[in-house]
Amino acid sequence: MTAVTMLVNGKSVTADVEPRTLLVQFIRDHQQLTGTHVGCDTSQCGACVVHVDGKAIKSCTTLALSCDGAQVTTIEGVGTETDLHPMQAAFREHHGLQCGFCTPGMIMTSIDIVRRKGTNLDEATIRAELEGNICRCTGYHNIVKAVAAGAQAMGATTKQAAE
Amino acid sequence: MYAFDYRRPATLNEADLALKAAPGAKLLAGGQTLIPTLKQRLANPGVVIDLSAIPDLKAITRKGDTLHIGAMATHAEVAGSKDVAAAIPGLATLASHIGDPQVRHKGTIGGSLANNDPAADYPAAALALGATMHTNKRTLSAQDFFQGLFATALDDNEILTEISFPIPKRFAYAKFPNPASLYAMVGVAVAETAGGPRVAVTGAGTDGVFRVPALETALTGGFKADALKSVTIPTTGINGDIHGSPEYRAHLIGVMARRAVAAA
């Protein structure tokens with residue numbers, strides 16, 4: 001067992017883990033943060049996407065020990081039930097989901113898209129950027145609408161905060 | 001995954017010592033191939049040495065007519081680098097189309113080259129650009145580095161540290177991605193270098209990445225897509241599988257080569 005310490009959703013956590021522990025196992029099994037999902041377990045589907053040091057990665061294809069000292073943000077860290085992140089609110093408003101299994105990963109990826117591509121996203125950009133996230137329910141149309149609206153809302157929030 | 005011991009050296013020297021102390025250990029770069037391989041129990045290295053905490057291996061710099069990229073630079077970092085965009089823009093474009101955004105945040109150029117997956121994009125670029133591979137022990141030409149499917153000239157205890165690319169007059173890479181995996185069914189990198197035109201192909205060879213002398217010769221008279229129209233690619237050494245026959249892939253080499261030259 002090896003000790004690992006990281007900042008998960010702003011809280012410093014330490015645990016002894018086997019070196020083969022994946023980041024997603026650390027998040028779900030050790031931290032009981034079960035919003036991050038395991039879908040394919042082969043880095044295709046994106047249900048496990050979290051942010052490590054601000055960047056979206058697939059936590060099923062990352063060792064927990066590689067994240068020693070890192071800042072990790074999961075879906076639980078972006079908003080609360082009473083104060084949703086603008087991207088979460090947009091997914092609800094536009095019904096960007098059916099079963100909801102892929103949604104945490106979709107939202108974490110979408111926030112990362114805004115970080116890299118800005119708040120005005122066209123449909124082609126959104127579809128290309130969602131390459132690493134699979135939804136088996138929706139056919140993506142409402143997800144694409146939700147990401148565009150969520151990105152706009154994030155822009156508005158940033159603007160408000162600056163004023 | 002089989003259980004393994006884990007090391008995360010902070011310097012190249014520590015990594016070297018860790019490798020020497022653990023014969024059979026695997027180096028972990030971005031992990032986007034190694035971790036899936038471990039998960040499937042296709043590898044049982046005993047010790048995994050994670051290179052992610054060695055800051056020296058990530059630098060991207062231009063020195064004169066050469067672009068230097070640290071082996072641990074991620075695909076996203078190469079794709080987003082101003083130095084790469086200014087020196088060899090086609091290389092930034094190539095990096096921006098590997099895998100998906102999340103994979104590009106983890107996967108590294110050194111990991112890709114050392115793995116030498118026969119369908120990976122970077123080997124074609126390294127071979128077409130006449131790159132030099134720097135290890136902790138020596139330097140190797142790309143030509144000598146790639147040695148067949150998933151095989152390179154790297155010794156068991158050797159660490160790829162940096163790749164240097166002579167800046168060409170023009171370079172582009174065109175791939176025909178498998179729609180499911182996004183790996184190249186065929187990917188062709190073309191470069192107009194000081195030493196003449198170079199063309200390298202990934203995804204199609206039964207023995208991994210390879211150059212195509214017939215296409216290079218055809219480009220010698222002028223670096224134009226039309227110059228390649230009359231070249232027929234033989235199916236000798238071309239891979240066939242459920243995704244495409246050797247004939248189909250050989251045809252795609254010509255098509256992708258013309259697209260790459262047109263884009264360069």
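Annotations
- Placed amide H near B:Leu67: partners under 5 Å, 5+ positions off or other chain: B:Phe165, B:Ile167
- Under 5 Å from the amide H of B:Thr161 lie the amide H atoms of B:His134, B:Thr135, B:Asn136, each residue being 5 or more positions distant or on a separate chain, with H modelled from the backbone and absent for Pro and chain starts.
- Placing R0 at 45 angstrom, the Cβ-Cβ distance between A:Glu18 and B:Ala85 gives a FRET efficiency of 0.60 after rounding to 0.05.
- Each of B:Ile253, B:Pro45, B:Ala218 was scored by the projection of its Cα onto the charge dipole of the protein assembly as shown, and the greatest displacement toward the positive side belongs to B:Ala218; charges sit on the C-beta of Lys, Arg, Asp and Glu.
- Convex hull volume of the C-alpha atoms in chain B, normalised per residue: 118 Å³.
- Inter-label distance for A:Gln98 and B:Arg41, nm, one decimal - labels placed 7 Å from Cα along Cα-to-Cβ: 3.6
- A Cβ-based charge dipole, computed about the Cα centre of segment B:1-139 with Lys and Arg at +1 and Asp and Glu at -1, lands at about 200 debye.
- Dipole magnitude (debye, nearest 20) for chain B, charges at Cβ of Lys, Arg, Asp, Glu: 480
- Distant-in-sequence amide H partners of B:Met185 (H built 1.01 Å from N, under 5 Å): B:Phe176, B:Asn178
- Extreme residue, positive dipole direction of segment B:85-167, given options B:Gly148, B:Gly111, B:Thr93 (C-beta unit charges): B:Thr93
- Relative to the longest principal axis of the Cα atoms of chain A, the long axis of helix A:141-162 lies at roughly 90 degrees.
- Label-point separation in nm, B:Ser164 to B:Phe223, each point 7 Å along Cα→Cβ: 2.1
- The helix-only estimate of mean residue ellipticity at 222 nm for chain B, built from DSSP H runs of length n ≥ 4 each weighted as -39500 (n - 2.57), is -9000 deg cm²/dmol after division by the residue total.
- When B:Thr66, B:Thr135 are arranged by Cβ crowding within 10 Å, least crowded first, meaning fewest neighbours, the order is B:Thr66, B:Thr135.
- In order along segment A:73-86, phi translates into HN-Hα couplings of 10, 10, 4, 5, x, 9, x, 10, 4, 8, 9, 5, 4, x Hz, rounded to whole numbers, per the Karplus curve 6.51 cos²θ - 1.76 cosθ + 1.60 with θ = phi - 60° and x for Gly and Pro.
- Charge dipole (debye, nearest 20) of segment A:2-150; +1 at Cβ of Lys and Arg, -1 at Cβ of Asp and Glu: 240
- Proxy reagent accessibility, fewest Cβ within 10 Å first, across A:Ser59, B:Ser230, B:Ser112, B:Ser141: B:Ser230, B:Ser141, B:Ser112, A:Ser59
- The average projected area of segment A:2-77, computed from the convex hull of its Cα atoms over all directions, is 4.2 nm².
- Among B:Met185, B:Met256, a tally of other beta-carbon atoms within 10 Å of each Cβ gives an order, fewest to most, of B:Met185, B:Met256.
- Bins of 5 Å, starting at 0 and running to the largest distance - Cα pair percent for chain A: 2, 10, 19, 22, 19, 14, 9, 5, 2, 0
- Site pair A:Glu123 and B:Thr236 shows an inter-label distance of 5.0 nm when each label is modelled 7 Å from Cα along Cα→Cβ.
- Each eigenvalue of the Cα gyration tensor of the protein assembly as shown, multiplied by 5 and square-rooted, gives one semi-axis; in descending order these are 37, 27, 20 Å.
FYI, it's all coordinate maths here, none of it is from the lab. No experiment lies behind these values; they were computed from the predicted model shown. Please note: Cβ atoms are built from the backbone with ideal geometry, for glycine as well, and neighbour counts cover all protein chains shown.
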